[in-house]
Amino acid sequence: MPWFTSTFQKLWSAGILAAKSKPLALTASTTVRQLSHAERRARGPTVRRYGYKDKLFQSGLLPHLDNGQKLPMPVYRPKNAWSEKRALFGQNDYIDILGNDRLHPTRVLYSVPSWLRGVSGNEYQVLLRKRRLMEKTKYPIARPTKWRDMEKRILYLYKFLNRKTKTGYSKQ
């Protein structure tokens, strides 16, 4: 460890000598003054966010690239009006008027969840219906957070409706 002690002694002596010497004096002083409004206007606009390329064209009516060329228009491709999705859109709208009595319009709602098909009522009634249909499935186990949130919403709506809504008059 003699190399460590000798290095330490050299650094220590250099530090002490540096502390005893006079600090360097600044010979030239610089003054800072604020520019007047006219001087700032003469310099031109202040450059902000240097190097940032703005992707929005705000300079004129037509957008132009840097080389002056107009932006290309997308190629027009007409949609297939007779695709299955478009051809069959709305086919069951008047099934209750034009169809027979055996088919109810709520039986045709294929993309709607079963607990929401043909339901009419407020949010509380819809949630009660959903709970009644979902409690026998794996929903409470598979999605415990959503199940708990639904239970909390049902409880809140129960309290709210009992406190804040008026009931019909009794006939007694």
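The values are calculated or read from the model by the stated rules, or taken from the named source; none is laboratory data. These numbers were taken from a predicted model, which means no experiment stands behind them. Counting neighbours? That spans all protein chains shown, and the Cβs are built from the backbone with ideal geometry, glycine included. The accessibility values were calculated without ligands, DNA or RNA, using every heavy atom of the protein model including side chains. Shrake-Rupley method; radii C 1.70, N 1.55, O 1.52, S 1.80 Å.
Quick notes on this one:
- In this structure the range 82-172 gives 92 Å² per residue of accessible area when probed at 1.4 Å with all protein chains present.
- Carbon/sulfur fraction of accessible area - the range 126-172, other protein chains in place, 1.4 Å, %: 54 percent
- 3J(HN,Hα) along the range 104-118, derived from phi through the Karplus expression 6.51 cos²θ - 1.76 cosθ + 1.60 where θ = phi - 60°, amounts to 8, x, 6, 6, 8, 6, 7, 8, 9, x, 5, 6, 10, 6, x Hz, with x in place of Gly and Pro.
- Between Thr31 and Tyr139, the modelled labels are 8.1 nm apart [label points 7 Å from Cα along Cα→Cβ].
- Arg77-Ile95 pseudo-label distance in nm [points 7 Å out on the Cα-to-Cβ vector]: 3.3 nm
- Projection of the Cα convex hull of the range 90-153, averaged over all directions and equal to a quarter of that hull's surface, yields 5.6 nm².
- One decimal place: the segment Trp115-Leu56 gains 16.5 nm when fully extended, by the rule 0.36 nm per residue minus the C-alpha distance.
- Cut-off 12 Å, label 7 Å out along Cα→Cβ of Val126, residues of the range 101-116 by amide N: 113, 115-116
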